[in-house]
Amino acid sequence: MRIPVVALRGLTVLPKMLMHFDVSREKSVAAVERAMVLDQKIFMVTQKEEQCSDPQLEDLYALGTVGTIKQLLKLPNHVVRVLVEGEERAELLDLTGREPFLEAEVEYIPVEQTEYTSTEREAMIRALQSEIEQFGKADPNFGETAARQLLTIQTLEELLSQLMIRFPMEAAERQKFLNLDSTYMQYMVLCDMLEREIEISRMKTEIQSKVKARVDKNQKEYLLREQMKVIREELGEDDLESDVDHYLEKMEKLKASTEIKEKIRKEISRLKIMPSGSQEGTVSRSYIETLLEMPWQKVSRESRDIHKAEEILNKEHYGMEKIKERILEYLAVRMFAGNNNGSILCLVGPPGTGKTSIAQSVAHALDKKYVRVCLGGVKDEAEIRGHRRTYIGAMPGRIANGMKQAGVANPLMLLDEIDKVSSDYKGDTSSALLEVLDSEQNNRFVDHYVELPMDLSKVMFIATANSVSTIPRPLLDRMEVIEVSSYTENEKFHIAHDYLLEKQRKKNGLKPEQIDITDDALRMVIHRYTREAGVRNLERRIGDLCRKAAREILEKEVKKVTVEENTLEKYLGKPKVHFDMANEKDDVGIVRGLAWTSVGGDTLQIEVNSLPGTGKVQLTGQMGDVMKESAQTGISYIRSVADKYRVDAEYFEKHDIHIHIPEGAVPKDGPSAGITMATAMLSAITNIKVKADLAMTGEITLRGRVLPIGGLKEKLLAAKMAGIHLVLVPARNQVDVEELSAEITDGLEIKYVSSMDEVLSYSFVKEKTEE
């Protein structure tokens, strides 16, 4: 039959389906109007492509639905709303007309009714009802109401028809149903679709519940955080969260082991729950900051150019050849071995001799960070190991604090004044240093405050001391001692001329052309205005000259100040240093001894008087116990050789001996004046004169043997300054003398003695002893 056609876009009408749709194409409107004029019958077929505006036969599906128009409503913009009811399935055979509307030849094609037994029908109906019931519960869009309506249908064909109509699906899916030729195929496809949709709905519900739970949790956390934020703002604690975030960010960037990061993370978690105003919170915050500032695995790149190191040492220090050579050897071994394990250097010498500055030069030569840890006066073990965090005001020890200050795990750490540490009831400081300076143990040094092992094996330690006598033996055993001796006047001159003068000139804002200190004036400053082993006072005197020159330039408006030897008194006043020069004539009971002091060498004029008495020995001049024992040893020796020098046996019972060392306010001690006191006593007893230009040093034994002494360089310098020509030195010190430079020994006649007989043979004026 022929019938008007409406081509539907995105829509499929099934038999027994009641629905409305809008048409706006002229041909579709004309077809609807034509159907209304006839018997209200219209053929509705779906387009294959929605975009096609003028479909041809091939653009339409083969099967469609013949329906009856129930209602027609015209809307603005030439739109017509049509309410139709589908009746029968039909096949599009051909388009017989295209103007002014589509007209087609169609043929009814009913669905094949499959024969079923009553039992099969009942089973199929129940299976569908079960699926429908589950689907109604799983899919809220379908709804339980629609499901209940379908469950009331008792015939299979009606149930299939209504389910196809009410089941939510796309137009293409409905077209597939329309193409099915039998109720059996419709049943199978519907069951399959229902099961699939039930599973999809179940998964959708599960996903939505998870998403909802997560959203609810996030909303809950957000609300709680906002509430906490408001509470903290009210309590004035709003900075805590930002601090915690800052700490966590720094921790992630920190170069450290997992153990250390885990410790920091736990401490940050504890900080979160602490009120920021509490004392415990403040302690925890300080602890976290300390851990974050420690250089756990951060190292700096060292220089491996030994020529550069030598150049820097020579540029920054004059002389000190043996020390430079030893340090360069040390650096060479470290560079060659590629590790830091090795001896720890200890520079020992008088104040002002450049121990600290040469350590700075080593750091400069190696491109290492330099840290100075002053140990002078430290007597609490906690100063080294740190205080435990249970105490109020706890802080890391000086070693850990030095590492934090350096910022790297391989700095050069100077342990200054290591001989000045002491101990009390709080612990032994030197014992705490044993672990620090032991390269086999210090790779896991634990500070009491930090509570985590620190690796000190990469640190280069250099210690300084004025004397090794006060350093405990186990601590001294861990260090390699390098002697830094006193400077000669010539060395002081070069240091002052090449380094100190320029330094003080810059410090006082003077230009090179504004002040000139002649070489003779500089030598006079060294000789008559300073008396020291190092150059600190010399630098002060040069500073005095620069300040006075600056004032003179401003007041007198001169362009240049020249300091000469004959004008020194104008700037520095009268000479401050006076040397006890060698005596002009030989004398009885007066012998010149040599001594070592913290500021260099000195000469001691020992005076002995023998006077009638009861055999007492009187010692004056603030002698120490060791020096007093040396005097007693000397007397015992003299009494044992009295017959050789024709001394009456009763002499010692009828005479007192008084030994005095001038400058009584200055304490004196040590065994090196033994032969000097013995010679002076024997001279006084025998009335034999001692040579005036003679000086001596050495320890005496009861049998008259001469033992070696220390500080020989300083003692020989003092003898040279005093105008001494002949110096007696213990024979076993000959090796030490041979190592000294010719600058020190030139002008001195050095005799090596091993017994008092040799000492006396060189000391006594021979013509007076001849019979």
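A 1.4 Å probe, protein heavy atoms only, puts the accessible area of residue 468 near 50 Å².
Close Lys pairs in region 359-504 (alpha-carbon distance under 26 Å; sequence gap of 8 or more, or different chains): 15. Maximal additional length on extending the residue 204-residue 579 stretch stands at 124.4 nm, based on 0.36 nm per residue less the C-alpha distance.
Beta-bridge orientation, region 551-698: approximately 70 percent antiparallel, per DSSP, counting only bridges with both partners inside. In the context of the full set of protein chains, residues of the chain present 52 Å² of accessible surface per residue (probe radius 1.4 Å, heavy atoms only).
Counting only protein heavy atoms and using a 1.4 Å probe, what share of the accessible area of region 561-639 belongs to carbon plus sulfur, as a whole percent?
Within region 561-639, the accessible surface is 47 percent carbon and sulfur.
Here the calculated FRET efficiency for residue 451 and residue 379, from their Cβ-Cβ distance with R0 = 35 Å, stands at 0.90, rounded to the nearest 0.05. Residue 181 exposes around 90 Å² of accessible area when a 1.4 Å probe is run over every protein chain in place. Mean residue ellipticity, 222 nm, helices only, the chain: the sum of -39500 (n - 2.57) across DSSP H runs of n ≥ 4, divided by residue count and rounded to 500, is -13500 deg cm²/dmol.
Per-atom-type breakdown for region 494-534 gives carbon and sulfur 45% of the accessible area (1.4 Å probe, protein chains only). Measuring only protein heavy atoms, the 1.4 Å probe finds residue 524 accessible over about 50 Å². Can you tell me how the chain classifies by the Cα gyration tensor, rounded, prolate or oblate, using a/c under 1.5 as the rounded cut? Verdict is prolate for the chain. Residues of region 186-210 with an amide N closer than 20 Å to a point placed 7 Å from the Cα of residue 157 along the Cα-to-Cβ direction: 186-191. Its relative contact order, with pairs defined as Cα atoms under 8 Å and 6+ residues apart, puts the chain at 7 percent.
Partner lysines whose Cα lies under 26 Å from the Cα of residue 229, excluding those fewer than 8 positions away in the same chain, are identified as 212, 217, 220, 250, 266, 272.
Residues 732, 531, ordered by accessible area of protein heavy atoms at a 1.4 angstrom probe radius and largest first, appear as 732, 531.
Listed by chain and number, the aspartates and glutamates placed with their C-alpha closer than 13 angstrom to that of residue 308 are 316, 367; residues fewer than eight positions away on the same chain are left out. Taken as Cα centroids, region 501-535 and region 79-108 sit 122 Å apart, rounded to the nearest whole angstrom. Shown are 324, 616, whose ranking by accessible area with a 1.4 Å probe and every protein chain present, most to least, is 616, 324. Taking every C-alpha pair closer than 8 Å and separated by at least 6 residues, the mean separation divided by the residue count of region 315-412 gives a relative contact order of 22 percent. Counting other Cβ atoms within 10 Å, which chymotrypsin sites (Phe, Trp or Tyr not before Pro) in region 576-671 have at most 14 and lie in a DSSP loop? Here the chymotrypsin sites (Phe, Trp or Tyr not before Pro) that fit, given the DSSP loop and packing criteria, are 579.
What FRET efficiency comes out for residue 566 versus residue 394 if R0 is 60 angstrom and r is the Cβ-Cβ distance? Round to the nearest 0.05.
Values: r = 62 Å, r/R0 = 1.04.
After rounding to 0.05, the efficiency reads 0.45.
Of interest is the spacing of the C-alpha centroids, which for region 256-320 and region 705-746 amounts to 49 Å. For 366, 18, the ranking by accessible surface with the largest value first comes to 18, 366, using a 1.4 Å probe.
The values are calculated or read from the model by the stated rules, or taken from the named source; none is laboratory data. Computed from a predicted structure; not experimentally measured. When we count neighbours, we look across all protein chains shown, and the Cβ atoms used for this are built from the backbone with ideal geometry, even at glycine. Each accessible area value is taken on the protein alone, full model and side chains, heavy atoms only, with ligands, DNA and RNA left out. Shrake-Rupley method; radii C 1.70, N 1.55, O 1.52, S 1.80 Å.
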